[in-house]
Every structure is written in C-alpha cells, then in structure tokens.
1. For the range B:129-193, what does the relative contact order come out to in percent, with C-alpha contacts under 8 Å and a separation of six or more?
2. Going by accessible area, probe 1.4 Å, with all protein chains left in place, what is the ranking of B:S358, B:S302, B:S138, B:S249, largest first?
3. Run through the other copies and list how far each one's label point is from that of B:P83, in nm with one decimal, shortest first; the point sits 7 Å from Cα along Cα-Cβ.
4. Please name which of A:L213, B:T234, A:L382 has its Cα lying farthest along the dipole of the protein assembly as shown towards the positive end, using unit charges on Cβ (Lys, Arg +1; Asp, Glu -1) and the Cα centre as origin.
5. List the accessible area buried at the contact between B and A, summed over both sides and calculated with a 1.4 Å probe, in Å² to the nearest 100.
6. Given only helices, namely DSSP H runs of n ≥ 4 each adding -39500 (n - 2.57), what is the per-residue ellipticity at 222 nm of the protein assembly as shown, to the nearest 500 deg cm²/dmol?
7. Cα gyration tensor of the range B:63-194, axes a ≥ b ≥ c as square roots of the eigenvalues: rounded (a/c below 1.5), prolate (a/b > b/c) or oblate?
8. So what's the gap between the Cα centers of the range B:263-285 and the range A:249-298, to the nearest angstrom?
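The values are calculated or read from the model by the stated rules, or taken from the named source; none is laboratory data. As the structure is a prediction and not an experimental result, all values here were calculated from the model. Using ideal geometry, Cβ is built from the backbone for each residue, glycine included, and neighbour counts are taken over all protein chains shown. SASA here: full protein model, heavy atoms, side chains in, ligands and nucleic acids out. Shrake-Rupley method; radii C 1.70, N 1.55, O 1.52, S 1.80 Å.
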Number of protein chains: 2
Amino acid sequence: MLKAREIALALGAGRTTPRAVLETCLAAIAARDADVRAFCALDVAAVRATAEGDFAGTALAGLPFAVKDIIDTRDLPTAYGSPIFAGHRPRADAPVVGQARRAGGLLLGKTVTTELAFLKPSETRNPRRLTHSPGGSSSGSAAAVAAGMVPFAIGTQTGGSVIRPASYCGVTGYKPTYRLLPALGMKTFSWHLDTMGLFGAGVEDVAFVASALTGRDLSIERFGTAPRIGVLATARDGAASADAHGALSAAARAAAAAGARVVALTLPPELEAADAVHGTIQDFEAALALMDEVTHHRDLLSDGIRTHLEQAAAITPEAYDEARRIGKRGRHALGDLFGQVDALLTFSAPGTAPEGFSSTGSPMFNRLWTLMGCPTVNITGLSGADGLPMGVQLVGRFGRDQAALSAAALVERAIAA
Amino acid sequence: MLKAREIALALGAGRTTPRAVLETCLAAIAARDADVRAFCALDVAAVRATAEGDFAGTALAGLPFAVKDIIDTRDLPTAYGSPIFAGHRPRADAPVVGQARRAGGLLLGKTVTTELAFLKPSETRNPRRLTHSPGGSSSGSAAAVAAGMVPFAIGTQTGGSVIRPASYCGVTGYKPTYRLLPALGMKTFSWHLDTMGLFGAGVEDVAFVASALTGRDLSIERFGTAPRIGVLATARDGAASADAHGALSAAARAAAAAGARVVALTLPPELEAADAVHGTIQDFEAALALMDEVTHHRDLLSDGIRTHLEQAAAITPEAYDEARRIGKRGRHALGDLFGQVDALLTFSAPGTAPEGFSSTGSPMFNRLWTLMGCPTVNITGLSGADGLPMGVQLVGRFGRDQAALSAAALVERAIAA
C-alpha cells in the first residue's frame, strides 16, 4: 500500500514529484483495476495535466486521492452508484473534496459505491482475494487503497460502510466524529447518520490526511500515562466468528503488552437499546431523502432498495421520535462509559471478507457507533484462518478524534510488534 | 390573504376545484407581481395542466404553494438567487417539495431569495408598501403569501429569514423544530442552522400545512389549563423600536386577558452567550459550504458575500468548537427556562419593514432561536405607528411544535379579540 504521510512529506521536501507519484498510482490501476474494479471514473490525461500544477506550501503537496462516487465532483461524473444518475455532472465539488484540493490533494478519480450507498453488492472485488467481497458501501475506496492504487480515499458510512470494507480489505478506515468533515455535496441516505470517512494504509496516514483537510491537529500523540482501553462485550458477540474473536483478543493482549490498561466492559442496556433503533432512524430518513427516486424512478431502482424504501415509508413519525430519544439516552450512557476508559475496542466485522458477491457483509458491529457519532478506526495487522485481513475497531469519545487516533495508533503499533 | 386550511378543506369537500383556486392565485400574480416581484420562476401552462390532475384523498387536495428558490425543484429552474446558478435545473425535488406534492400540494412557482439566502437585498418589494423591504432571505415567499398570490409558501431560516420577513409582510411565519422538515435538496449555508419554514395567513394555516407535509398531528389544541407565557427581556431590547415594544406589550396584555398566565423573564447569561456565537457557527460552516463558489466563481458573487465568506474562512476550528459548546450550554439553559413556562414571547424584528432597499433588516431577535433549534412563530395582527405590520415572536420548546403552534394560535386569537 502507498503511505500517504510518507509520500506527502517526500513531495513537500521535493524528494519526489506529484507526476511521479501519480504514475505509480496509474501503473497499479493499469495492472490491477481490470480485476479489482475499484474505479468508476478516471480521466488520465486530465489528472496528468493537473499533476503538473503548483502545490507549493500545501500539506498534501500533490498527493493523489480518490473519492467515493456518492460524493459530488465538479470535473468527474457522479452517478451515486445508480443508473438514475448515469452521466450526472454536479455543478460543484462537495466541501470535503474542496478541502482535499485546497490542502494540495490531486483528485485521481471516483471509486465505486454500492447503489445509493446501500446494500446491493457492487462490481468491485476484494484485492486481497478476488473471489471475495470488498464490503460496502465504500467498496471502491477501500479496494483502491488496499491495491496500492492511491494513498488515500474518501468514503462515507451510514451503518458500517467505512469500517467494514476497511476490515475486509485490510486497510485503515477512519470514521471521524459526526460532521468533523462536512457531509454536504453527497447523496444523502440518512442525515443523522451519513458520515464522511477516510481510508489509508495506516492510522498515522488517515490522521495526517484528516489534519490536512480540516486544519485541526489530529496528529498521533504518545500517551503520557498508559491509556485505559475497554474491551467491549455486546449482545451480538455470538454472531462474531472465531476469526473476529481471535483478532479482538490478540489486539487486547498486544495493547496490554504495550502498556495499555486493558479492562473488560459490557455494553450498557441503554446502548444495546440504541443499537436496536439505528435502522428506524436510518430508514425513516432514507424514505424522505430518496422520495424523488422512489416516486419518479421506480424502475431504475434495484428490487432490494425499492422494497426497502417502500417499507421504510411506513415508519411513523412517533416511532422515529422514540428511536431518536433512545439514541439520545445511548449517547448519555456512552459518555458515562468514557468516564471509565479512554477508548473501546470491539469487532470491526463479524468475520473476514465473505466469499462470493451475494452480500457486502453485515454492519452489525458498526451501526451503533455511527448513531452515536463518535470516532471509530479500523486497525489492521491481524488476519483470519483463511489468511484474509481481520480488523479490530477502536471507538473513541465524541469530538476527541486526536485521542481516538492516538489510541488506535498505539494498538496498531502493539499488533505490529 | 388566502387561507390555506379553509381552501384545502373546501377543495377536499369538492366545494371548489384546484383549477379555480389556481386561477385566483394567477389573477393576484397578474395584478400585483409586476410591482411585488415575488416570483422568479412560474410556468402557467404547466401548472394549469397539473391542476387538472387527481388529488383525491390528499390533505391539501390540489392547494397551490410556492417554494423559495434556494430549494431544488425538478420541473422549475433553481438559481439560489445567484448568477452562478442561472438556469440550473436540479435532478430531483427537495424532500420537502416531495412531501408537499405527496400531500396534494400544487407547485405554483419559485419565489425570490436573496443571493444564496444571505443578506443582499433582492428585487422583491413589500406588498404592504412597495417602498419598503419585504425582509430576507425568504423575501418572495413572505411577499407572495402577503399579496394573496398563494395560500402557503416554503422558505428557510439560518438567522432570521422566516420570522423577519413574516413580520415585515404581515404574514404568519413558522420555523419548525430543527429538522422537523428535512433540510435537504437546498443550497446549504450552515448545516447546523439552515431550517425549512412555512408561511401562511394564520397560525392554523401553517399548522395545517405542516401536519399535511409531515404526517404529524400539529393541529391547534385548546389548552386544558391556562398556558404560562414568559415575556422575555434580553440584552438587545434597546435596539427594538417603540413599535416593537408596543406590539410585544399589546400581545402580552391580550394573552393575559385571554387567560394565559403571563410572567416576565430575563434571558439567562448562558443564552445571551449563545446568541453571541451564532455568527461564528454560521460563518465557519458557510465558508465550507460555499467553498466551491468562492474558489471557482469569485466574480459572480456580490462583494458583500464574497468579503464575508473570505473573512469567515479565517475562523479557526477551535473558535468554532468553542461556539458549539456555548450553544450546547445555551440549549441546557433553555430547557430549564421551559420548566417555568410553556412558551416565550419576544420581538420578531427590531421594528416594522425598513423603508428603501439598502438592507433586509436585522435577524438580531431571531438568530438565537435558530441556533437553539426550537420552534418559533411570527404572530400577526398588530402594526406600528407607520401602519405597517409589526409581528411578535412566540418561541416554543424543542420538539414540542404542536404546543408552540397552539400557544401561538391562542395569542393570535387574543390579539384579534
């Protein structure tokens, strides 16, 4: 994989050029994307021309990046993974794309999303094993980074669309605190849940990129005192495979060996209740957000999403309001939990990447954290019995992204050691 | 003015037809819009054809409505009040437009917004006195309802863009609880503040329309026990004119005479502090939301908004985060305040509509409530020494829109009595 931070620093120091880095990316795409199918829009001549521009004084210094095709770009088509929007040309870049360009990022291309960022599997293959799913909905962004086609990519998560594909593809996925990155200029599915996220090789790479985009200091800090990490037991742990349990135990042991104070915690009932209402909030909002598509483009929707949205339209405002209240109680309970620990460690996914392409896998271990809006990181370095990557998920406190990334980096180093 | 509820009930009962109501609207537009300039897009032939459709079983039953041109419509151009978007044709209706059509609303046309819903005065005139400002940024929506051109209109508020023009034009303006109406498919200025709102003749009209759009019961209830209404003193009251003070006192006296328990309250320091940081949150987000326009369309922005956004880009994430924390403390203090009263009564605007067109007036008495996200209603029926309308603003508890509308209806009835 291409290390975003290292390459950006080399670009800034003039040890390499944007054009040289771009050619490395294009070579990887030429070599592998016919099989992986991570990219859905790429203008090689245009990006080569842009690479000749002046990136002096910028943090990313000409570093190439890719953008999930659920996000608007002014100079590349944006189809939201749906034939309804085939050839659609947005008028403007999404703010997050503007932030990346302003920071000296070089937009390489658009990466495949599932249909409207929902569950229908896309044509993308897992670069770790082409017979397996890359996960979804940010399939192309995770696969492009895993295949060494681009140093970082932007995706989105409404249920588990950043952390799950990151775990399946063996890349670092970072879902920042809700709205740390502006969720504008994208095809909304659920406005209380849709969250922009980043994919990179390692934790320091996504932290470096997030700092460059936002102007915030999210760089990795060493802890003065050993961080307290809670390994979380939930009502859903029975659905996690031996691979997932093994990875979580290995990560916890490694963190303890590296000096972290690791404690066992059980998810409080208020948070189990919040987990159960994620779908009510997501679907009530999706039925409104996608009303135009259901009303005017029924035949261009897949059966799965059309049926799902038609059922979603039956959710009552009262059920939605009650789900929002349960979510709020969950956020209070999570605040109390973070009085005991600095970070939580849990499963990134139920197992390694599923074989075949009938499903993008389950967001069951991610959706609660999307609803809570707190930062989460998929940590790489472990694998399952099938030899495929098996990530672990670190959950941080709302608004404390630097601490979450720093704790994730500690666990990542501990696993590597 | 056209009474939305009465007309919708007459339509539902077959006592009139959508075409007949539409022709009444079109006649008012033909008679007055050359002077008022409320509409910026109107397709008479198309809307006449649509009026012949079947609205059976819908709540609005073919009731015409207008939409602020900051909101996307699939069959009318949407320019966001900016030459950057001249002739722009969105791919989809905004969800709130979809909700209105689903409820049997007949989209009559698009109404003038100020440039990107900011402060630059538009070409719209105040139908109550053409030499005066209709306010902004929902200038056309307020003016169209005031001039009897349409029974209801949709607008948006980020500072005071619903309540202020409603007060100046003498119409009821209703800013629902944050996100009660989905703020999607619109040109975002500030995602924590932008709020969809409604304009109508009276409180029962906006309550009826809001119920039809959302499927929630927001109809006016009579209070079992006399409601407690707090008349609010704030640090900004010195900026309110004698007209504004007179209207607030008259409304309070009328409410008391109607049996409400009226008490004097002073805005707590936590809420004064929150009022002071509205601009920091709005502008930090606007600099991101409108980055593409500033970067790629500088010359098509007015000097005022360009300068404002360039200065806004200098607001640090730390200043923004602190402003968000101050806003959160304000929401807690407001919750305590609503332990003492059912509703608050305050100024809708510093005075009656300003003469001339150098300014759209000040949102100084509205911005705090937009930041708090709580429902607010401009109540009509009073006027200033110049004979122009002078509204009063009722503020309700977050998420308690039916109670807020019911309290506003009580005050409205009391003023009329």
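1. Value for the range B:129-193: 31 percent.
2. Largest accessible area first, the list is B:S358, B:S249, B:S302, B:S138.
3. Label-point separations across copies, in nm and ascending: 4.2.
4. Sorting the options by dipole projection puts first B:T234.
5. Summed over both sides, the interface buries about 2700 Å².
6. Mean residue ellipticity at 222 nm (helix-derived): -12500 deg cm²/dmol.
7. Because its axes are fairly even, with a/c under 1.5, the range B:63-194 counts as rounded.
8. 33
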